[in-house]
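The values are calculated or read from the model by the stated rules, or taken from the named source; none is laboratory data. Treat the numbers as computed from the prediction; the structure is a model and nothing was measured. Virtual Cβ from ideal backbone geometry, glycine too; neighbours counted across all protein chains shown.
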Amino acid sequence: MAIWEHAFANHLSQASRNLLLVMVTMPYQTLITDVERSYQAFNLTYSKHFGSTMGPQDFRSALKELDGDFLTYEREGSNTIVRYQNPSVRDFVKKYLTSACTEMALLIEAVVFFEQVKFLWSWKYDGGGQDALRRMCREDPAWVTSLMRKVLVSPPCRIMMISRAGVTRKEHWPFPFETKVALAAEIGTDSCTPLLDLVQKELSKLEVEIQDRRFDRNGLADIMEALASHVDEGVEWALNFTNTGWEALLAKPLWAYDLRPLRRLIEKCPSIIPEDALERVKEAVCSVADSVASGEWDLDADGFRYEAQSLESLAEDLSVDIASDLEVIYSLADELEEESGRNDEDVDFSPSSRCEDESTDDEIASMFNILDITS
């Protein structure tokens, strides 16, 4: 850690320090174009606050200066992925920010993506992002509400491996809208009451989606969990939405995966469970187990085994007897595995992408060709 501290304080330009600060709020791996958007926003905010100069080449210069020692760049088709070269670099930057209140506040002011707010709020250590956001909520709740309104509709910056037609590549992976609203609700109930006006408006829109069966189950459960304290206090709008949420989650679960949000709510928020909900959840577990055991779903051996293991765990937690269905499902998995003659030793577990400690000059030059630096 001392090595990073010395280099950060004595050997890096301000442009490079700013890039390292921005990267701590971004996902572990981020497309370079998204890093640039966040960097330019923070660099401008930093420059205005301190009256320092900024130039059109700051981002490019910072990338070059940090290459290899602090950051690493990975080509992925026409994209370039940026990440910290070593987790200890990120740990140092986080530690630095806990005692750099001004830079932390500027990072929040310059937020571009929802993922940045999500990370900052999840950073719960003393002096971390959650403390900084709470200060913002106390000092200017209207501004925080405006920020959340912006990130609710911001494009994603997190990425995942996507396979299509035999081609695998990293692409943006959006958060469900329900997950975004849940974070706004959590911040609002915790420390920013005016933000809840925005939450209520978004919940009205979500209720229409729920009626049309177009909703994300995990995100919906997140909202219900975030509103639990208001439900306990008898806040009418929170209670009404939570009841709507229970009905939606209990309606037509198809897989064990569909039941997990219900189990999570039962475990974490027992006080908001409607009177008959627990029995209905148990009935849903039995119904899903019967459906999977009937063999009506076109699953392979791994699919049946996954369902059996998930259902077994749910049944144990909820004290539901589905032993006969589990026996059938495991048998289906064994039969399919035997038919396929699969040999686990032949399965090739290869890394999803290459990781290099340092990019070549040619790769860096090629990477800059896709950057849009106009000012």
Scanning the range 154-185 for residues that are polar (S, T, N, Q) and either under 20 Å from Val22 (Cα atoms) or in a loop (DSSP other than H, G, I, E, B) (or both) gives Ser154
Screening Asp131, Asp126 for residues that are free of Cβ contacts under 8 Å to residues at least 40 places away in the same chain, over 16 Å from Asp190 (Cα atoms) and in the same structural domain as Thr45 (by TED's automatic domain parsing) leaves only Asp126
Checked Lys205, Lys268 against criteria (under 23 Å from the mean Cα position of the chain (by Cα), surrounded by fewer than 18 Cβ atoms within 10 Å (Cβ to Cβ) and outside the structural domain of Val285 (by TED's automatic domain parsing)); the one match is Lys205
From the option list Ala301, Ala284, Ala277, single residue qualifying as small (Gly, Ala, Ser) and over 30 Å from Leu239 (Cβ atoms) is Ala301
Listed by first then second residue, the pairs whose first member lies in the range 102-122 and is free of Cβ contacts under 8 Å to residues at least 40 places away in the same chain, whose partner is of a type outside the set (Val, Ile, Thr) and assigned to a helix (DSSP H, G or I), with beta carbons under 7 Å and at least 6 positions apart or on separate chains, are Met104/Leu97; Met104/Ala132; Ala105/Ala132; Ile108/Leu120; Ile108/Ala132; Ile108/Leu133; Ile108/Met136
Counted residues in the range 1-42 being of a type in the set (Ser, Thr, Tyr), more than 19 Å from Gln116 (Cβ to Cβ) and part of a helix (DSSP H, G or I) come to 1
Restricting the range 321-360 to residues that are over 30 Å from Glu283 (Cβ atoms) and β-branched (Val, Ile, Thr), the one modelled with the highest pLDDT turns out to be Thr360
Of the residues in the range 278-300, those that are modelled with pLDDT under 95 and buried (at least 17 other Cβ atoms within 10 Å of the Cβ) number 1
